[in-house]
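Participant: To start, I am sharing the structure in question, which I have written as C-alpha cells.
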Amino acid sequence: MRGLLSPMHYTDPAVFAVEARKLFGQLWIFVGLAQLVAEPDQFLTRHIGGREIVVQNFEGELRAFENVCAHRGKLVQTEPFGRRPLVCGYHGWRYSQTGVVATIPFESDCYGFEAKERDALALTRFALERVGNLLFVNVSDDPMPLASQFAGEILESLESVSNAFDDEVLVAKFTGRYNWKLAYENLRDGLHPRFVHTTSLNQDVRFSADIPEHLAQYDADPDGIELGQLSFGGAEGTFLKQQRLPFHDSVIRWGEHDAYFNWLLYPNTHVVCSDGGYSFSIEHHEPLGPDRTEVTIYFLTARKRKRYSGSAAVLWEYAKAAKLILDEDTAVMEQAHAGLAGARRSVTQGRYELQNRVTDRWYLRQLARTAESFERERQHA
Amino acid sequence: MLDRPLLVVGAGTVLEQCAAAWKEAQPDRTIEILEVGSPDHFTRNLDAMSEYPAERWCAFAALAGTGVNMARLKLMVDIRLKGYRLDSFVSPSASAPRGWKLPENCFVSAGAVVAENVKTRHNLYVGSRAVIGFGSQLGHSVWIGAGAVLGSKVSIGDNSLVGPGAVIADDVQVGKFCELNLAREYRESIASKTFFSPMFDGPVRIYGKANVVDSL
C-alpha cells in the first residue's frame with residue numbers, strides 16, 4: 001500500500017507550523033512527572049508547540065501557565081526543574097496561584113499602572129490533568145476532555161503503572177536529526193527490532209508483528225477513526241531471557257507479569273517497562289523543527305521497598321544501557337529522514353503497519369489539508 | 001605498605017594494570033591475580049579466595065569505576081568482610097608528599113602528581129599522569145581518570161568519577177555519585193548525582209528525595 005503521508009509531511013516547515021497549531025496546540029501533551037513537583041514551590045518547564053510552559057506547585061496545588069513574564073517577556077522559570085516561587089528574575093514580578101501578578105517591587109514608585117490595567121496583568125493559564133504520576137497539559141483555549149484523547153482502559157493502566165513509580169528520577173536529554181513522527185512510526189513497528197536491534201533488544205525480547213486486522217475497516221471508513229484509537233499499550237513483548245538484578249529485591253514490583261510493556265500515547269510519549277515491573281522509562285519526543293527532535297527520558301525504578309546505597313548507579317547504568325538501544329533507533333530514523341528529504345514519492349506500508357496507517361489518516365484529517373494543498377501553498381510561497 | 005603476599009582481585013583491564021604495576025614495583029613480593037566474573041556487573045563469587053587465606057594474604061580490589069564505583073566498592077567491602085587486610089599502592093614514578101598516608105584499597109598510577117595536604121578516604125583510584133591539586137579532599141571510592149587535573153582545594157564526593165582528561169577548576173565542589181565523563185573544564189560546583197557523558201546532551205541529573213545511604 002502507498003503511504004498516506006508524503007515526504008513533505010516530514011520535512012516541510014509549513015507542515016511543522018500547522019502541526020504546532022492543530023496537533024500540539026489542541027492535544028493533551030505529557031509534560032513530566034508529579035513526583036518532580038511534589039513539594040511547594042517546585043516547578044518544571046517544557047515547550048508545547050513552540051509555547052513555553054511552567055508547571056508550578058503552589059502549597060501542594062499544581063498549576064500550568066505560560067512561562068513568559070507579563071512585563072518584558074522574559075522566561076519566569078529558567079531551569080528544567082527546580083524549587084523557587086513563581087517570580088521573574090528580571091524585575092521581581094511575583095505571580096500567585098491564579099497567575100495574576102501578586103507583587104511588583106517599586107510598583108508605586110516606578111510603574112504607575114491604572115487599577116484596570118494592573119488587574120489584567122497575569123500569566124496565561126493552561127489546563128492541567130494528572131493521571132497517576134503523569135502530568136499532561138493542554139494549551140488550547142478550549143481543551144478537549146482528556147478521556148477524548150486516551151481511552152478509559154489506557155488511563156486506568158497508566159494510573160496503575162505510574163503510581164508504582166519511585167520518586168527518585170533520572171532525567172536525560174538527547175537530540176536526533178529526524179522528524180518526530182518517525183519515532184512513533186518506528187515504535188508502532190513490531191518488526192524493526194529483528195533488524196535494527198539484532199544484537200541488543202532482539203536477543204532478550206520478541207515483539208509481535210501481527211497484522212491488526214481489526215483496523216482494516218478504516219481504509220474503507222476513514223472518518224470512523226477516533227483520536228482515542230491512536231494511543232494504546234500494555235504487555236507487548238515476551239522475554240526470550242530475563243535477567244534478575246540485585247535491585248529487584250529492593251523495590252515493590254508493579255504486577256507479576258513477566259512481559260515487556262509499551263504504552264504509546266499519541267502524539268509524542270512512550271512509556272516503557274522493559275523488565276516485567278521493576279523499572280520504567282518515559283520518552284517524550286519534543287519537535288524542535290521538521291528535522292530535529294529533542295528526546296527527554298525519565299528513568300526510574302518501581303517504588304523502593306527500602307532505601308539502598310546503589311540506587312543512583314542503578315538508574316545511571318539503566319540510562320546508558322537504554323541509550324545504546326535508542327542510538328540504534330536514532331541511526332535508522334536519521335537515515336529515513338535523510339531519505340525522505342530527497343524523496344519524491346510516499347513510503348510503502350504493509351498490512352502489519354495498519355496502526356501507522358490509521359494514525360496517518362487521523363493526522364491528515366486533523367491537519368485538514370492534503371499533501372497537494374501543502375504543495376500548492378509551498379509553490380505559491 | 002604491607003609485606004604479606006598480595007592477591008589482586010577483580011576483572012578487566014584494571015585488574016591487569018594494577019597487578020602489573022604492583023609486580024613491577026615490588027618484584028620480590030608474591031603477587032597473584034584472581035579474576036572474578038559477574039552475571040550482573042555487581043555481584044561476584046569470591047569463593048576462590050579461600051585458596052589464599054586471609055591470615056596470610058592481603059588483597060586489593062581492582063575494578064573499573066563504572067556505575068559510580070558501586071561495583072568496585074562492593075567488591076572491596078566483600079573482600080574486607082572475608083577478613084582480608086586491603087593494601088594500597090603508589091607507583092614509584094608518581095609524585096606524592098613524603099609520608100603521605102593512604103587508607104585501604106587505594107591505587108595511584110605511574111606519573112600521577114599529588115600535591116601537599118591532599119586528604120582521601122579509602123578505595124581511591126588515580127590514573128596515570130593525573131594531577132591532584134593542593135589541599136583537595138576526596139571522598140571514598142573516588143576514581144580519577146588518566147590525565148585528569150584537579151585544581152587546588154577541589155572537593156570530590158564519595159563514589160564520584162572524574163573521567164580521563166577532565167579538568168576541575170580550583171575550589172570546585174563535586175557532590176557524591178557523579179560522573180564527569182567529558183574531557184572538558186568544570187568551573188562550577190556540581191550537585192550530587194549529576195552525570196556528564198557524551199551519550200547525552202547537557203548534564204544528566206537524578207531528581208527526587210535523597211536516597212543515599214552511606215554504608216561505609
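Participant: Cβ neighbours within 10 Å, averaged per peptide: list B:64-71, A:205-212 in order, most packed at the top.
Facilitator: B:64-71, A:205-212
Participant: Put a dot 7 Å past each Cα toward the Cβ at A:H71 and A:R345; how far apart are the dots in nm?
Facilitator: 6.0 nm
Participant: Using Cβ-Cβ distances only, list the Cys residues of the protein assembly as shown with no partner cysteine under 4.7 Å, sorted by number.
Facilitator: Singleton cysteines: A:C110, A:C273, B:C18, B:C58, B:C106, B:C178.
Participant: Once amide H atoms are placed 1.01 Å from N in the peptide plane, what residues at a sequence separation of 5 or more from A:G82, or on another chain, have their amide H within under 5 Å of its amide H?
Facilitator: Counting only residues 5 or more places away or on other chains, the set is A:F43.
Participant: Counting C-alpha atoms alone, how compact is the stretch A:1-159: give Rg to one decimal and Dmax as a whole number, in angstrom.
Facilitator: Values for the stretch A:1-159 (Cα only, Rg and Dmax): 18.3, 69 Å.
Participant: What lysines sit close enough to A:K323 to cross-link, taking a C-alpha to C-alpha distance under 17 Å and skipping anything fewer than 8 places away on the same chain?
Facilitator: A:K173
Participant: If you only keep lysine pairs separated by 8 or more in sequence, or across chains, how many in chain B come under 30 Å at the Cα atoms?
Facilitator: 28
Participant: Taking each residue in B:34-45, count the Cβ atoms of any other chain within 10 Å of its Cβ, then average. What number comes out?
Facilitator: 2
Participant: Average partner chain C-beta neighbours within 10 Å, per residue of A:301-313?
Facilitator: 6
Participant: Can you list residues whose amide H is under 5 Å from B:I190's amide H, if they're 5+ apart or on another chain and H is modeled 1.01 Å from N?
Facilitator: Distant-sequence amide H within range of B:I190: B:Q173, B:V174, B:G175.
Participant: Using the Karplus curve 6.51 cos²θ - 1.76 cosθ + 1.60 with θ = phi - 60°, work out ³J(HN,Hα) for each residue of the stretch B:109-125 in order, rounded to whole Hz, and write x for Gly and Pro.
Facilitator: Once θ is set to phi - 60°, the couplings for the stretch B:109-125 become 7, 4, x, 6, 10, 10, 7, 5, 6, 7, 10, 9, 9, 5, 6, 7, 10 Hz.
Participant: Further question: Is the C-alpha gyration tensor of the stretch B:116-168 telling us rounded, prolate or oblate? Criteria: a/c under 1.5 is rounded; beyond that, a/b larger than b/c is prolate, otherwise oblate. Can you show the working numbers first?
Facilitator: Details: a/c = 1.60, a/b = 1.09, b/c = 1.47.
Oblate shape, in that a/c is at least 1.5 and b/c is the bigger or equal ratio.
Participant: Go ahead and set up a Gaussian network model of chain B, Cα springs under 10 Å, then flag whichever of B:S109, B:S38, B:S91 fluctuates most.
Facilitator: Comparing B:S109, B:S38, B:S91 in a Gaussian network model of chain B, the most mobile one is B:S38.
Participant: Further, regarding this structure: To the nearest 20 Debye, how big is the dipole of the protein assembly as shown about its Cα centre, given +1 on the beta carbon of each Lys and Arg and -1 on that of each Asp and Glu?
Facilitator: Around 1180 debye, computed over the protein assembly as shown.
Participant: Oh, and also: Where Lys and Arg each count +1 and Asp and Glu each count -1, what net charge lies around A:C88 among other residues with Cβ under 13 Å from its Cβ?
Facilitator: Combined, the nearby Lys, Arg, Asp and Glu give +2.
Participant: Taking every alpha carbon pair in the stretch A:289-349, what does the distance histogram look like in 10 angstrom bins from 0, in percent?
Facilitator: Going from the shortest bin to the longest, the percentages are 16, 34, 24, 16, 9, 2.
Participant: Only bridges with both residues in the protein assembly as shown count here: give the DSSP antiparallel percent, nearest 5.
Facilitator: 65 percent
Participant: Relative to a virtual label point 7 Å from the Cα of B:K23 in the Cα→beta-carbon direction, which members of the stretch B:31-70 show backbone nitrogen distances below 14 Å?
Facilitator: Residues B:31-35 qualify, since their backbone N sits under 14 Å from the label point.
Participant: Grab the beta carbon distance between B:Q137 and A:D141, set R0 = 51 Å, and tell me the FRET efficiency rounded to 0.05.
Facilitator: On the way: r = 56 Å, r/R0 = 1.09.
According to the calculation, E is roughly 0.35.
Participant: Continuing with this model, one more query. Can you list residues from other chains, or at least 5 along the same chain, whose modelled amide H is less than 5 Å from the amide H of A:V251?
Facilitator: It is A:R305, by chain and number.
Participant: Using Cβ counts within 10 Å as a stand-in for footprinting exposure, how do B:D201, A:D167, A:D142 rank, fewest first?
Facilitator: If I rank by nearby Cβ atoms, fewest first, I get A:D142, B:D201, A:D167.
Participant: Related question: Where q = 0.06 Å⁻¹, what log10 of I(q)/I(0) comes from the Debye formula for the protein assembly as shown, counting one point per Cα?
Facilitator: -0.39
Participant: Arrange the following residues from fewest to most other Cβ atoms within 10 Å of their Cβ: A:F232, A:F165, A:F113, A:F195.
Facilitator: On the way: A:F232 20, A:F165 23, A:F113 14, A:F195 11.
If I rank by nearby Cβ atoms, fewest first, I get A:F195, A:F113, A:F232, A:F165.
Participant: For helix B:12-25, report the angle its Cα long axis makes with the longest principal axis of the Cα atoms of chain B; keep it between 0 and 90° and round to the nearest 10°.
Facilitator: 60 degrees
Participant: On a C-alpha basis, how far is the centre of the stretch B:1-52 from the centre of the stretch B:124-159 in Å? Whole number, if you could?
Facilitator: Here the answer is 23 Å between Cα centres.
Participant: Oh, and also: Over the Cα atoms of chain B, what is the Rg over Rh ratio if Rh follows Kirkwood?
Facilitator: On the way: Rg = 16.8 Å, Rh = 17.5 Å.
That ratio equals 0.96.
Participant: Rounded to the nearest 500 deg cm²/dmol, what is the calculated helix-only ellipticity per residue at 222 nm for chain A, with -39500 (n - 2.57) per DSSP H run of length n ≥ 4? All intermediate terms of the calculation are to be shown ahead of the outcome.
Facilitator: On the way: 13 runs with 114 residues, N = 381.
Taking each H run of at least 4 residues, the total per residue is -8500 deg cm²/dmol.
Participant: Per residue of B:196-206, count partner chain C-beta atoms within 10 Å of its C-beta, then hand back the mean as an integer.
Facilitator: 6
Participant: For A:S250, A:S162, which order do you get if you count the other beta carbons within 10 Å of each Cβ and list the fewest first?
Facilitator: A:S250, A:S162
Participant: Please work out whether the stretch B:71-154 counts as rounded, prolate or oblate from its C-alpha gyration tensor, where a ≥ b ≥ c are the square roots of the eigenvalues and a/c under 1.5 means rounded, while otherwise a/b larger than b/c means prolate and anything else oblate?
Facilitator: Prolate, because a/c is 1.5 or more and a/b exceeds b/c.
Participant: Which value, in nm² and rounded to one decimal, describes the direction-averaged projected area of the C-alpha convex hull of the stretch A:34-76?
Facilitator: 3.1 nm²
Participant: Here is a follow-up. Specify the inter-centroid distance of the stretch A:309-363 and the stretch A:186-250, based on alpha-carbon positions, in whole Å.
Facilitator: After rounding, the separation between the Cα centres reads 12 Å.
Participant: Here's another thing I want to ask about it. Label-point separation (nm) for A:D210 and A:A235, each offset 7 Å from Cα along Cα-to-Cβ?
Facilitator: According to this spin-label approximation, the distance is 1.3 nm.
Participant: Please work out whether the stretch A:133-228 counts as rounded, prolate or oblate from its C-alpha gyration tensor, where a ≥ b ≥ c are the square roots of the eigenvalues and a/c under 1.5 means rounded, while otherwise a/b larger than b/c means prolate and anything else oblate?
Facilitator: Cα axes put the stretch A:133-228 in the oblate bin.
Participant: Starting at the first residue of the stretch B:42-58, write each ³J(HN,Hα) from the Karplus equation 6.51 cos²θ - 1.76 cosθ + 1.60 with θ = phi - 60°, in whole Hz, x for Gly and Pro.
Facilitator: Running phi through 6.51 cos²θ - 1.76 cosθ + 1.60 with θ = phi - 60° gives 9, 8, 9, 7, 9, 4, 5, 5, 4, 6, 10, x, 5, 5, 10, 9, 10 Hz.
Quick note: the coordinates plus some simple rules give every number you see, no bench work behind them. As the structure is a computational prediction, the values presented were derived from the model and not from experiment. All Cβ positions, even for glycine, are placed from backbone atoms using ideal geometry, and neighbour counts span all protein chains on display.
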